[in-house]
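Read the structure below first, then the notes.
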Amino acid sequence: MARLELGVAAINGAEAFDARASARTVPVPIPEGDEERTDHFITQNGVTFAGSHLIVDLWEAEGLDDRDRIEQALIDAVEASGATLLHIHLHKFTLGGGVSGVAVLAESHISVHTWPERGYAAFDIFMCGSAQPRRALPVLKAAFAPKRVVLGEHKRGVL
C-alpha cells in the first residue's frame, strides 16, 4: 500500500509508474552557488530537470519503410535540435517493412519504430543540456508528411 503512495504500483508482479503521483511532485531549483555544475541538467522557469522527453506519434505518414529516408531524418533532426550525434543504428524488418532504431546522442537519444502498413511512426526524443528537442518536430513533419501528429512531453529527472 505504501508503494502506491510513492507513485509505484505492482501489476502482475512488475512495477509500473503511476503518472498521477508524479504530477504531484514539487520541483526544486538548483541550490544557490551550484549553477556551475556539469551534469547538463536544465533549469527553466525555476524548475530543474534532466531533460525533455518528447513522445511523438505520426499518423498517415509516408516513407516509413524507407531506411535511408529515416536515417536522414534522424540526422537532420539531431542537427536541428543542436544535439551531438554519436551513432545511429537502424533495423529494417522484412515482414511488414517497418524500421526500428536509435540515434544515440551525447545529450541522450532519438528512437523510432515504424508501422508502414498502418502509416504510423513512434518517435521518442529525449535530450538534456542545451539541446532543444522540439526543433526536431518540423524536420520529422517535413520528412514523413503526416496528416496527424500527437505530441506528449515529460520533464525527466525533476529535482
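So here's what we get for this one:
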| quantity | calculated |
| --- | --- |
| Value of relative contact order over the range 30-156, rounded to a whole percent, pairs C-alpha under 8 Å and six or more apart | 37 |
| Within-14-Å neighbourhood charge of PHE144 [Cβ basis; K, R +1; D, E -1] | -2 |
| Inter-label distance for LYS141 and THR84, nm, one decimal - labels placed 7 Å from Cα along Cα-to-Cβ | 3.0 |
| Net charge of neighbours whose Cβ lies under 11 Å from the Cβ of ARG135, counting Lys and Arg as +1 and Asp and Glu as -1 | -1 |
| Calculated from backbone phi, Karplus (6.51, -1.76, 1.60) coupling profile of the range 94-101 in Hz, x at Gly/Pro | 6, 7, x, x, x, 10, 10, x |
| Difference of contour (0.36 nm per residue) and Cα-Cα distance, VAL150 to HIS113 | 11.8 nm |
| Charge context of GLN72, other residues only, Cβ under 12 angstrom, K/R +1, D/E -1 | -3 |
| Extension gain from GLU60 to SER100, taking 0.36 nm per residue of separation minus the Cα-Cα distance | 12.6 nm |
| Mean separation of Cα contacts under 8 Å (6+ apart) over length of the range 54-106, as relative contact order % | 33 |
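Read-outs throughout are calculated quantities, based only on the coordinates presented, and are distinct from any laboratory measurement. In this text the structure is predicted, and so the values were computed from the model without any measurement. Methodologically, a virtual Cβ is constructed for each residue, glycine included, from the backbone with ideal geometry; neighbour enumeration extends over all protein chains shown.
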